[in-house]
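Notes for the one structure printed next.
Rule-based calculations on the coordinates, nothing more; no lab input. Keep in mind the model is a prediction, meaning the values are calculated, not measured. Cβ sites come from the backbone with ideal geometry, for glycine too, and all protein chains shown count toward neighbours.
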Amino acid sequence: MKAFPHQEPFPENRLASNWPIDEILHFLVEAIPNAALLANEEGLILHSNKESERLLGYSHDELKGNPVDALVPERFRSQHPAFRKSYARNAESRPMGHGRDLFALRKDGSEIPVEIGLNPVQTAAGLVIVAVIVDISERKRAEEAMQALNADLERRVQERTAMLQTFLESLPGLYIVLTPDFDIVAASNAYLSATMTKRKEITGRNLFEVFPDNPTEGGSKATSELRSSLHHVLQNAETHTMPIVRYDIRNLDGEFEERYWSPINSPVLGGSREVRYIIHRVEDVTAFIKETPSATDDARLDQILRERMEAEIFASSRKVQEMNRQLEAANKELEAFSYSVSHDLRAPLRAIDGFSLAVAEDYGPLLPDEGRRYLQIIREGAQRMGTLIDDLLTFSRLSRRQLEVAPIEMNHLVHDVLTELSPLLEGRSVDIQQGDLHPALGDAALLKQVWLNLLSNALKYTRRRDSALIEIGSASQGDEMVYFIRDNGTGFDMRYADKLFGVFQRLHRAEDFEGTGVGLAIVQRVVHRHGGRVWADGKVDHGATFYFTLGATHEQI
Amino acid sequence: MNKSEIVELLLVEDNPQDLELTLRALKKANLANSIKIARDGAEALAFLFGEDGQDKRTYENGPRIIMLDLKLPKVDGLEVLQRIKADPRTQSIPVVVLTSSKEQIDVTECYKLGANSYIVKPVDFEGFASAVRDLGFYWLLLNQAPRIVG
C-alpha cells in the first residue's frame, strides 16, 4: 500500500481498540489528501488539516473553536445555520448543497468554488462531522472554457451552415435538396424564381405535394419519371439523368405556363455510403425547346417565318410606296417650278430683247454708233440668258426624266447624231473615225444627248485645227464597256479636270469658245443615272479624250 | 356688215409687253387690220361664246384665226383651246398656240386638243416676229378658212 503523502508516520503502536476516536479522527483527517475539517453539532471547528489551512489561508489555531459559518460567503451565511441544524437532525454521508454551487470564503476575502462531502461520526463527546472540501476552481475553469469552446463551435457551425445555405441558394442553377423521403430541405433562388414558388412555401414540404401531377397534361409522364428517377438514386446511390420533360408552372396569375426541364438527381452520401440527401437539379430548357423545331413544328415555324417575312415585305413596300409618293410629289413640284421658270423668266428677257430691237429699228438712225452697239450688247445679254435658262431646263428635265431602258445600237445612235451635227462640219476639214461601237442597254434619248454633247464639244474645240481628227470607239475594260471620244483640239489643263463636269463650270473663255457650261454636266448626269462613270484625259493644245461607261449593263445584252 | 366689225384675228395674251411686241410684229407684217385682244382666258371665252356662253352669234365675221397664249389668268390657255375645239361653231377656226414653254407635255397636249400650230416665243424677238409673220400670212392669206353660210 502506498504511503499517504503527509509528514506524520503512521503510529503503529496506537492501532489498538482502545485508541480514542477523536485521535483516530484527527489522524484520518490529516490523512485525507483534500482539505478537511472536523466540526461539532453546533458548527464549531474542532480540527482542521494542513490542506484545509492551505486552501483557506488560516492557521490551525485561527480555525479551531470558530464556527464553520465564518467560512461561508456572507451572502449565503445567514441561511447556513438552518442547513446545519437540518443536517444534524438527519445526519448521513452525502454531498453538501443539493446541487447548489458552493463557495468557501478564504481569510483574504476571496472565494473559491468548492464541493463539500459531509460525513457524520458518533463519538463519546457527541456527533462529529467530517467535512471534506474539494477545490473545484480548476474544474470550473475547465468547464467554462469547455462551454466557451462549445459556444464558439456552435456559432461557427451555424455560420458555416448559413454560408453553405447561401451558397446553395445563390447557385445560378436550379437546385433543390431533398431528404430520402423527398421532403424539400433547401432550394436555390433560381429554382424558386423558375418555378414561381417561395422558399417558405416549399421548404419542409414533400416534393410531390408541392408539385403534384402536371395539371395541363394529365397523361404526362413527368411526375412518374421523376419518382422513378429519385428511387433509382436512393437504391443505387448514383447520379441519374432524366429525359427532358414538360412540366407547366402556375404563374402568379394562376395560369399555367408551358415549361420544359432537363432534370438530374444526385445522391449526397453519408459516412457509410447511405443516401443522406438527394440533390435535384433542373435546367429550364423551354427557350431551347421552343426555338428548336421538331419535325412536326416545321410547318408552324415555316408559317411563322413566312408571316414575318410578309410583314417585313409589306412594311418595306409601304416604305417604298411612301418614298415613291414623295419622289413623285417632289418631281411634280420640280416640274411646276421648271414650267414657271421657262415661262416667267423668259418673258422679261423677251421684253428686253424685243424693245431693244424696237429701239434699234425705230430710232436707230438717231443713235450714234456707240448707242447702237450698246443696244446690241443688251440684246446679246438677254439672248445668252435665254440660252442659259433653256440649257438649265434641259439639264433639269433630263435629270428627272424616267429612264426608258432598252437595247441600243450605239453605231446607229452615233450615226444619227453625226448627221444632226453635219451643219457644223460645213467648210471644215474633219476626219471622223468611228470604230465599231459595242451595243448598250440604256435610254436612247438620253444617250443621244450624251453623244450629241460630247461630239459637238469635240467639233467646237477642234475648230482652230486645219485638219481636225475625232476618234470614236469602245473597249472592254474589266466587266465594263468604255466608250470614248478623242479629239486633237484645244485640250484642257488636267489640273482643272474635276471642274469639267460641274454645271456652269467652264475651262475656256466665252470669247474663245461659246457655251453655257451645262453640256458636260448633262453628260455626267445621264451617265450617272445609267450607273456609269465619266472622266476625261487631256493636255493643253494636245486634244482631249472623254470616256464613259454605263455600268456593267453591256453584259446583259 | 360694217367692215370694222370684222375680226380677223383674236389675240389672247396677258403679258402687256409680249402683247405690244406681238402687235408690233403683226403690224410690221401688215396683219394688224382687225385684231380683237383678250387679256385672259375668260375674256376670250366671253368674246367667242358670249358672257353666258349661250351667244347665238355666227362666226361669219371671224375671227379667222386665234393666237392663244397658254399661260393665262382665270381660265388657262389649254381650257380655252379645248372649248374652242369642242364647239362645232368654233372648232374650224385655226388656233396658233403661243407660249414661252418648250415643255414637251404642253406641245403634246396642245396638238391633242386640236391646236393647228405651235409657236414657242423665244427670247430672241426677231425669231418670234418672223414666226408670227409667217404663221399669220399662212392662216390669214393662204389658207382659206371654211365659211359658214347662214
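For the range A:12-135, what does the relative contact order come out to in percent, with C-alpha contacts under 8 Å and a separation of six or more?
This gives 26 percent for the range A:12-135.
Between A:Thr545 and A:Asn189, what length comes free when the chain is fully extended (0.36 nm per residue of separation minus the Cα-Cα distance, one decimal in nm)?
Difference between extended and current length: 120.3 nm.
Can you say what percent of the DSSP beta bridges in the protein assembly as shown, counting only those with both residues inside, are antiparallel? Round to 5.
Rounded to the nearest five, the antiparallel share is 75 percent.
Quick one: Karplus J couplings for the range A:526-532, per residue in order, coefficients 6.51, -1.76, 1.60, θ = phi - 60°, nearest Hz, x for Gly and Pro?
Coupling constants for the range A:526-532: 5, 5, 4, 5, 8, x, x Hz.
Provide the packing ranking of B:7-18, A:273-284, i.e. peptides ordered by the mean count of other C-beta atoms within 10 Å per residue, highest first.
B:7-18, A:273-284
Would you calculate the convex hull of the Cα atoms in the range A:385-489 and tell me its volume per residue in Å³?
119 Å³
In whole percent, what relative contact order does the range A:21-63 give with Cα contacts below 8 Å and a gap of six or more residues?
It comes to 30 percent, rounded to a whole number.
From the phi angles alone, apply the Karplus equation (6.51, -1.76, 1.60; θ = phi - 60°) to the range A:119-136 and give each ³J(HN,Hα) in whole Hz, x where the residue is Gly or Pro.
Each residue's phi maps through the Karplus curve to give 9, x, 10, 8, 10, 5, 7, x, 6, 10, 10, 9, 9, 9, 10, 10, 6, 10 Hz.
Post the alpha-carbon centroid distance, the range A:479-503 to the range A:337-371, in whole angstrom.
37 Å
Only sites in a loop by DSSP and with at most 10 other Cβ atoms within 10 Å count here; which GluC sites (Glu not before Pro) in the range A:477-514 make the cut?
Taking the range A:477-514 and a limit of 10 other Cβ atoms within 10 Å, the loop GluC sites (Glu not before Pro) found are A:Glu511.
What angle, in degrees between 0 and 90 and rounded to the nearest 10, separates the Cα long axis of helix A:369-400 from the longest principal axis of the Cα atoms of chain A?
Approximately 50 degrees, to the nearest 10.
Compute the helix-to-body angle for A:444-461: its Cα long axis versus the longest principal axis of chain A, expressed 0 to 90° and rounded to tens.
Taking the Cα atoms of chain A, the angle to A:444-461 is about 60 degrees.
Please work out how much length the chain gains when fully extended from A:Met146 to A:Glu380, using 0.36 nm per residue of separation minus the C-alpha to C-alpha distance, in nm with one decimal.
Length gained between A:Met146 and A:Glu380: 71.9 nm.
List the GluC sites (Glu not before Pro) within the range A:37-96 that DSSP assigns to loop and that have no more than 10 neighbouring Cβ atoms inside 10 Å.
Here the sparse-neighbourhood loop sites are A:Glu92.
5 Å is the cut-off here: which amide hydrogens, built 1.01 Å from N in the peptide plane, fall below it relative to A:Tyr277, excluding neighbours closer than 5 in sequence?
Result for A:Tyr277 returns A:Val268.
Please average, across the residues of B:117-123, the number of beta carbons from any other chain that are within 10 Å of each residue's own beta carbon, and give a whole number.
Mean shielding by partner chains, rounded to a whole number: 5.
Evaluated at 20 °C with a viscosity of 1.002 mPa s, what Stokes-Einstein diffusion coefficient in µm²/s does the protein assembly as shown have when Rh comes from the Kirkwood expression over alpha-carbon pairs?
After rounding, the answer is 53 µm²/s.
Provide the descending list of Cα extents for the range A:403-556 along its principal axes, expressed in whole angstroms.
In descending order, the Cα extents are 43, 31, 25 Å.
Give a quick list of trypsin sites (Lys or Arg not before Pro) in the range A:364-434 that DSSP marks as loop, anything other than H, G, I, E or B, with at most 12 other Cβ atoms within 10 Å.
Listed in order of number, the matching sites amount to none.
Taking the mean number of other Cβ atoms within 10 Å as a proxy for protection, how do you rank B:106-113, A:325-332, A:188-195 from highest to lowest?
The densest-packed peptide leads the list: A:188-195, B:106-113, A:325-332.
Remind me, relative contact order of chain A in percent, using alpha carbon pairs under 8 angstrom and six or more residues apart?
About 6 percent, as a whole number.
Which order, highest average first, do A:175-182, A:136-143 follow once you tally other Cβ atoms within 10 Å for each residue and take the mean per peptide?
In descending order of packing, they fall as A:175-182, A:136-143.
Just round it to a whole percent: the fraction of Cα-Cα distances in the range A:298-381 exceeding 16 Å.
Summing the P(r) of the range A:298-381 above 16 Å gives 72 percent of all pairs.
Once you place label points 7 Å from the Cα toward the Cβ at A:Arg465 and A:Tyr496, how far apart are they in nm?
2.0 nm
Around A:Asn49, which amide H atoms from residues at least 5 apart in sequence, or from another chain, sit under 5 Å from its own amide H, with H modelled in the peptide plane?
For A:Asn49, the qualifying residues are A:Ala36.
On a C-alpha basis, how far is the centre of the range A:397-418 from the centre of the range B:15-51 in Å? Whole number, if you could?
Measuring centre to centre over Cα atoms gives 41 Å.
Search the structure for amide H atoms under 5 Å from the amide H of B:Lys121, placed 1.01 Å from N in the peptide plane, and list their residues when 5 or more places away or on another chain.
Residues meeting the amide H criterion: B:Thr99, B:Ser100, B:Ser101.
How large is ³J(HN,Hα), in whole Hz, for each residue of the range B:88-99 in order, when computed from phi with the Karplus curve 6.51 cos²θ - 1.76 cosθ + 1.60 and θ = phi - 60°, using x for Gly and Pro?
x, 6, 10, 5, 8, 6, x, 10, 9, 7, 10, 7
Just counting partner chain Cβ atoms within 10 Å, what average do the residues of peptide B:125-132 show around their Cβ?
Partner Cβ neighbours, averaged per residue: 3.
Once you have the Cα-Cα distance between A:Arg100 and A:Gln477, take 0.36 nm times their residue separation minus that, and quote the gain in nm to one decimal.
Difference between extended and current length: 124.0 nm.
Roughly what angle does helix A:222-236 make with the longest principal axis of chain A, taking Cα atoms, 0 to 90 degrees, to the nearest 10?
So the helix axis and the longest Cα principal axis differ by about 50 degrees.
How much mean residue ellipticity at 222 nm does chain A get from its helices, if each DSSP H run of length 4 or more adds -39500 (n - 2.57) and you divide by all residues, to the nearest 500 deg cm²/dmol?
-14000 deg cm²/dmol
So for A:Asp443, A:Asp369, fewest C-beta neighbours within 10 Å to most, what's the order?
Ranking A:Asp443, A:Asp369 by Cβ neighbours within 10 Å, fewest first, gives A:Asp369, A:Asp443.
Evaluate Rg over Rh across the range A:12-135, taking Cα atoms for both radii and Kirkwood's formula for Rh.
0.96
To the nearest whole number, what is the average tally of beta carbon atoms from other chains within 10 Å of the beta carbons of peptide A:393-403?
Other-chain Cβ atoms within 10 Å of each residue's Cβ, averaged: 1.
Would you mind getting me the FRET efficiency between A:Leu269 and A:Glu74? Use the beta-carbon distance for r and R0 = 51 Å, nearest 0.05.
According to the calculation, E is roughly 0.25.
Return the subset of A:Lys448/B:Lys121; B:Lys85/B:Lys112; B:Lys27/B:Lys121; A:Lys64/A:Lys140; A:Lys460/A:Lys539 for which the Cα-Cα distance in this structure is over 20 Å, preserving the input order.
Flagged as over cut-off: A:Lys448/B:Lys121; A:Lys64/A:Lys140.
Applying 1/(1 + (r/R0)^6) with R0 = 30 Å to the Cβ-Cβ distance of A:Leu327 and B:Glu79, what FRET efficiency is obtained, to the nearest 0.05?
In this case the efficiency is close to 0.55.
List A:His412, A:His80 from most exposed to least, where exposure is judged by having the fewest other Cβ atoms within 10 Å.
Ordered by Cβ neighbours within 10 Å, fewest first: A:His412, A:His80.
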